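Here is the structure we will look at.
The values are calculated or read from the model by the stated rules, or taken from the named source; none is laboratory data. In this text the structure is predicted, and so the values were computed from the model without any measurement. Here the Cβ positions follow ideal geometry from the backbone for every residue, glycine too, while neighbour counts run over all protein chains shown. SASA here: full protein model, heavy atoms, side chains in, ligands and nucleic acids out. Shrake-Rupley method; radii C 1.70, N 1.55, O 1.52, S 1.80 Å.
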Amino acid sequence: MKPAAARLPAAFNRLAWSNLAAQSAEQIGLAAAPLVAVLALGAGVGATGLLQTAQTLPFLLLSIPAGVLADRMSRRRLMAGAEALRALALLAVLALAGCGLLSWTLLALLGFAGACGTVVYTVAAPALVPALVPQSALAAANGRIELARTIAFAAGPALAGALVGWTGAAPAFAVAAALSLGAVILLAGLREPARPALPPRHPLEDLREGAAFVFRHRLLRPVFTTQLIFNTAFFVLQAVYVPYAIHRLGLSAAAVGATLAIYGIGMVGGALVATRVLRALPFGVVIAIGPLAGLAAALAMVLTIWVPAAALAGLSFFLMGVGPILWVISTTTLRQLVTPPALLGRVSAISATATGARPLGAAIGALVGGLYGAETCLVVAAIGFVIQALVILLSPVPSLARQPESIASSDAAVAARPA
């Protein structure tokens, strides 16, 4: 019998290739923009920080509206339109750079526009997957999606840096735009099953319905709370790691980069083994691995206060990559199974808002690190990781022996019963 991954239908494979192209375009663009800002436009630390803000702000502003739209219209068309917006933004950067008209302000505005496309694509994709694959193949499909994301995450910045360093800004943005247009073309040829139209009503009612479903659900509520705390704690750690690694651990710039690269290696490794792990272990245990790996990573980093070794820092980032990828794949599968199809866009959007905790974590890290030092900041981050692990371990989630039955399948079975 062939494994589930081999039985994934052609429509999903188009989505998976589109996702790889879109994620690669995003990562190349995200990495190239600050390099161009510094090397070509003379931007300083403050300007590059604001550029990063412009490229992440849409996750805070647009996740929820994107979720409402994803439940109201064709998800394929919504994703194709969003990706086309990103492609246009990249092409505009390319054209302005070629004409010598690119400025920091225009780069930030176009980065914001491109990120709007990223948000919509990110929210709609998990809602589309269950319509394209059978329930038994959901975990394999989500693993394929996450593997593409992790490969793009690991390779995109390196490719962008090489292109900008060797040939200037234009080729980097040209490659990103070509990948983005490729994603649009793949989506255009994808056949999306029709969904029943929702009755017209105010968008706030749609939002209230989605939020109520998440925060009243005995499984989804602790999952959301855990990822919210995880994101906050991780960015507390991230905020001080580079200066801590240089001044306390005595690492060179190259060594710091190497430890950060191990994070991407862990992500790719976790995505590669996810399907096997999901087959071998109870479903709830797989979900719990992510928060526990995060806690172990935080403790390894705290240990460097007394044992200042690069190997411990590398181990910390490896665990931070490999465990949470298993979490993303398994919890995405959980949401898809327990959420009615008509709510999937909004539920995916509410999950995406947990990334909004990242700026909060970075701000906490900057404040605590500035007042009390990086070592105290690492301890604060570790306390956050303890809390997120307790939230999920004390919930009903780890007791799940297997994937829950799809609510869509249950509804269909009930409807098919004779009166």
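A few points about this structure:
- Furthest towards positive pole of dipole, Ile246, Leu107, Phe153, structure part the chain, Cβ charges: Phe153
- When only the Cβ of Lys, Arg, Asp and Glu is charged (+1, +1, -1, -1), the dipole of region 159-309 relative to its Cα centre reaches about 380 debye.
- In this structure, Arg201 and Met73 have a Cβ-Cβ separation that, at R0 = 22 Å, corresponds to a calculated FRET efficiency of about 0.90.
- Comparing region 164-321 with the 2.2 N^0.38 Å rule of thumb, its C-alpha radius of gyration ratio is 1.43 (two decimals).
- Here is the P(r) of the chain: all C-alpha pair distances, binned every 10 Å from 0, give 5, 21, 32, 27, 12, 3, 0, 0 in whole percents.
- Surface calculation, 1.4 Å probe, protein heavy atoms: His202 sits at approximately 110 Å² accessible.
- Counted by Cβ distance under 14 Å from Leu20, the other residues give a net charge of 0, where Lys and Arg count +1 and Asp and Glu count -1.
- Charge sum, other residues only, whose C-beta stays under 15 Å from Gln55's C-beta, Lys/Arg counted +1 and Asp/Glu -1: +1
- Sorting Phe59, Phe385, Phe153 by accessible area puts them as Phe153, Phe59, Phe385; the probe is 1.4 Å, largest comes first, and only protein heavy atoms count.
- Nitroxide proxy distance, nm - points 7 Å out along Cα→Cβ at Asn13 and Leu299: 4.5 nm
- Within the accessible surface of the chain, defined with a 1.4 Å probe on protein heavy atoms only, the carbon and sulfur portion equals 71 percent.
- Paramagnetic label zone (point 7 Å from Cα along Cα-to-C-beta, Arg191; backbone N under 14 Å) in region 122-148: 132-133
- Hydrophobic long helices, here whole DSSP H runs in the chain with Kyte-Doolittle means of at least -0.5 and Cα atoms spread over 27 Å or more along the helix axis, are found at 10-39, 45-70, 75-99, 104-132, 138-167, 169-188, 220-247, 253-280, 283-303, 310-338, 374-393.
- Taken about its Cα centre, the chain carries a charge dipole of roughly 960 debye when the Cβ of each Lys and Arg holds +1 and the Cβ of each Asp and Glu holds -1.
- Per residue, the solvent-accessible area of the chain (1.4 Å probe, heavy atoms of protein chains only, all protein chains present) comes to 43 Å².
- A simple charge model with +1 on the Cβ of Lys and Arg, -1 on the Cβ of Asp and Glu and nothing else charged puts the dipole of region 82-215 at about 120 debye relative to its Cα centre.
- Rounded FRET efficiency, nearest 0.05, which uses the C-beta distance separating Ile246 from Thr376 and R0 of 30 Å: 0.95
- Between the listed residues Ile350, Ala363, Gly314, the Cα displaced farthest toward the positive end of the dipole of the chain, a dipole computed from Cβ unit charges relative to the Cα centre, is found at Ile350.
- Principal axis dimensions, region 72-147 - Cα atoms, whole angstrom, descending: 53, 28, 16
- Fraction of the pair-distance distribution of region 163-214 above 19 Å, Cα-Cα pairs, percent: 63 percent
- Residue among Pro130, Pro404, Pro324 with the largest mean-square fluctuation in a Gaussian network model of the chain, springs linking Cα atoms under 10 Å: Pro404
- At an R0 of 41 angstrom, the distance between the Cβ atoms of Ser399 and Ala178 translates into a FRET efficiency of 0.30.
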